[in-house]
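Here is the structure we will look at.
The values are calculated or read from the model by the stated rules, or taken from the named source; none is laboratory data. The shown structure was predicted, so the numbers you read here are calculated from the model rather than taken from an experiment. Don't worry about glycine lacking a Cβ; one is built from the backbone with ideal geometry, like all the others, and counts go over all protein chains shown.
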Amino acid sequence: MTETTIELLSISTLIEAKQAIENIQVDPKSIPIMTPKAIMKHIKLHHIHTQDAIIIKQDMLSIGGDVAIPKETFYLKNESVSILIFGTLTQVHTLVQKLRRHYPRLQKIANQLNQILEKIE
């Protein structure tokens, strides 16, 4: 039996993800499901209302991603903050769907995030 080896991959595009998954010889039906899960994205949003930042963080946590927000956000001292979303492409797509169910200000953010996702794909 051959000794186990470990290889660290750097995957940053959907094409690279698809190739890496195909190289493992997975079921071809699984490739479109797994490919967007292999890409981690970091998206910074500026001038986000503190209430929106908290909701975005809660929504992202509920789907396995996260959002870095300033510690003052929970004190509602500032009117707006910058936040950093990090998650897989699949998680960010799900976040967009969740935000579209909220009030108009979050729906607008959802549309802006969707425009970013369209550029990635």
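Quick notes on this one:
- Counting only helices (runs of 4 or more DSSP H) that sit wholly inside region 21-112, those with at least 3 residues that are crowded, with 19+ Cβ neighbours inside 10 Å and touching a strand residue (DSSP E or B) at 6+ places or on another chain (Cβ under 9 Å) are 50-62, 89-99.
- Ile15 falls short on exactly one of the conditions (1) loosely packed, with under 13 Cβ neighbours inside 10 Å; (2) of a type in the set (A, V, I, L, M); (3) not in a helix (DSSP H, G or I), and that condition is (3).
- Which listed residue is over 15 Å from Ile116 (Cβ atoms), modelled with pLDDT under 95, under 16 Å from the mean Cα position of the chain (by Cα) and not hydrophobic (A, V, I, L, M, F, W, C), from Lys57, Lys37, Lys98: Lys37
- Taking the numbered list (1) surrounded by 10 or more Cβ atoms within 10 Å (Cβ to Cβ); (2) among the hydroxyl-bearing types (Ser, Thr, Tyr); (3) more than 23 Å from Val96 (Cα to Cα) in turn, Thr5 passes all entries but (1).
- With respect to being in contact with a helix residue (DSSP H, G or I) (Cβ under 8 Å, 6 or more places away or on another chain) and among the polar types (S, T, N, Q), Thr4 falls outside the description.
- Which numbered condition Val67 misses (of (1) more than 20 Å from the chain's Cα centre (by Cα); (2) at pLDDT 95 or above): (1)
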